[in-house]
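**Q** My questions will all concern the structure given below.
The values are calculated or read from the model by the stated rules, or taken from the named source; none is laboratory data. Computed from a prediction, not measured in an experiment: that's the story for all the values here. Here the Cβ positions follow ideal geometry from the backbone for every residue, glycine too, while neighbour counts run over all protein chains shown.
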Amino acid sequence: MGFEIEIPASYLQLKKEAEEAISSIVGGYPKAEKMWEIMKEDAEVNANWDMADYITTSKLHYNDHGEVHAKIVAANALKMLKLLLEDGVLPDIMKERAGDEDDAHLIVMTGGLLHDIGNQVHREMHNLSGVYLAIPLLNRLLPNIYSERELMYEVRGHVLHTIYSHEFEMDDLTIEASLVGIADGTDMTKGRGRLAFETGNVNIHTVSALSIERVEIEKGERAPVRIKIWMNNSAGIFQIQETLGKKISHSRLKGKVEIYAISQPEGVPTDSRIIHRLLFTEKGFEAF
């Protein structure tokens with residue numbers, strides 16, 4: 001029996017919703033669907049999630065960076081990929097005519113699921129550690145999907161780039177990596193920062209995370225993708241600007257993704273929330 005992390009009930013619901021979203025989106029793509037079925041049952045993948053979660057939550061008192069986080073990121077990245085494809089925006093593997101939509105979905109999903117596994121080594125340089133851990137893992141799993149070895153290794157390269165560049169300090173060089181990096185910043189739903197908060201890690205990061213009620217991915221008005229964020233307190237603006245906004249700015253999708261944040265409840269005349277609405281486009285942030 002492997003190492004287990006106790007998952008709060010609210011996390012279990014988020015995990016279920018993410019799994020359903022992933023299954024629904026990759027359902028029409030045989031390679032991506034097969035990879036999903038393999039990865040969610042694979043012992044090494046699950047151990048990576050458990051250990052990454054153990055180090056970040058138990059030792060560093062951060063919020064979850066394990067299975068729940070990985071699946072939320074993968075689900076949101078796939079949702080955005082779907083919207084981009086509908087708008088005619090092609091991922092790099094399709095633009096370079098090395099692969100098709102199925103390959104693009106596999107890359108984005110796999111990158112999302114593995115992007116944080118390096119945290120089990122240490123939070124410092126976890127994006128680089130994640131690459132080293134992912135290479136033998138992908139070498140073992142991808143042959144179950146690809147018979148053409150050159151394409152398999154190109155797909156592996158794309159996945160490794162998503163892992164390495166998911167931190168906003170690293171510029172994303174592909175659409176696939178941009179989707180994983182931005183999706184990483186969307187995992188801010190209320191409760192995701194509560195574990196760190198309750199273990200004494202009280203700072204603007206945890207307070208801001210507790211201000212986010214929910215995050216939705218939908219078709220945008222000014223851009224193909226809109227990330228709609230519902231806040232219960234204006235403190236949520238820190239999470240949005242310092243995490244999500246920076247990830248978009250360092251991606252290849254600036255101008256393709258907009259943020260629309262709403263402070264609830266709407267219509268309340270008091271100014272305790274300070275900011276009622278926040279809009280982020282390629283021009284920057286606008287509060288009103």
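**Q** Considering the stretch 209-232 alone, what residues qualify as being assigned to a loop (DSSP other than H, G, I, E, B) and farther than 17 Å from Ile182 by Cα?
**A** Residues satisfying the conditions are Leu210, Ser211, Glu221, Arg222, Asn232.
**Q** Among helices (runs of 4 or more DSSP H) lying entirely in the stretch 140-205, which contain 3 or more residues that are at pLDDT below 95?
**A** Numbers: elements: 149-164, 175-186, 194-198.
Output list reads 175-186, 194-198.
**Q** Look at Ala47 and say whether it is touching a helix residue (DSSP H, G or I) at 6+ places or on another chain (Cβ under 8 Å), part of a helix (DSSP H, G or I) and in the same structural domain as Met152 (by TED's automatic domain parsing). Talk me through it step by step, then tell me what you get.
**A** Details: touching a helix residue (DSSP H, G or I) at 6+ places or on another chain (Cβ under 8 Å): no; part of a helix (DSSP H, G or I): yes; in the same structural domain as Met152 (by TED's automatic domain parsing): yes.
When the stated conditions are applied, Ala47 does not pass them.
**Q** Just to be sure, is Ser58 closer than 20 Å to Asn127 by Cα and exposed (fewer than 14 other Cβ atoms within 10 Å of the Cβ)? Lay out the reasoning, then the answer.
**A** Numbers: closer than 20 Å to Asn127 by Cα: yes; exposed (fewer than 14 other Cβ atoms within 10 Å of the Cβ): yes.
Here the answer is yes, as Ser58 does meet what is asked.
**Q** Here is a list: Asp100, Asp64, Asp87, Asp92. Which entry is surrounded by fewer than 18 Cβ atoms within 10 Å (Cβ to Cβ), in contact (Cβ under 8 Å) with a residue 60 or more places away in the chain, among the acidic types (Asp, Glu) and under 28 Å from Glu258 (Cα atoms)? Reasoning before the result, please.
**A** On the way: Asp100 fails: in contact (Cβ under 8 Å) with a residue 60 or more places away in the chain; Asp64 fails: surrounded by fewer than 18 Cβ atoms within 10 Å (Cβ to Cβ); Asp92 fails: surrounded by fewer than 18 Cβ atoms within 10 Å (Cβ to Cβ).
Selected residue: Asp87, the only one of Asp100, Asp64, Asp87, Asp92 that is surrounded by fewer than 18 Cβ atoms within 10 Å (Cβ to Cβ), in contact (Cβ under 8 Å) with a residue 60 or more places away in the chain, among the acidic types (Asp, Glu) and under 28 Å from Glu258 (Cα atoms).
**Q** Another one. Quick one: Lys15 ticks every box in (1) crowded, with 22+ Cβ neighbours inside 10 Å; (2) in a helix (DSSP H, G or I); (3) not aliphatic (A, V, I, L, M) except a single one, so which number is it?
**A** Tallying (1) crowded, with 22+ Cβ neighbours inside 10 Å; (2) in a helix (DSSP H, G or I); (3) not aliphatic (A, V, I, L, M), Lys15 fails exactly one: (1).
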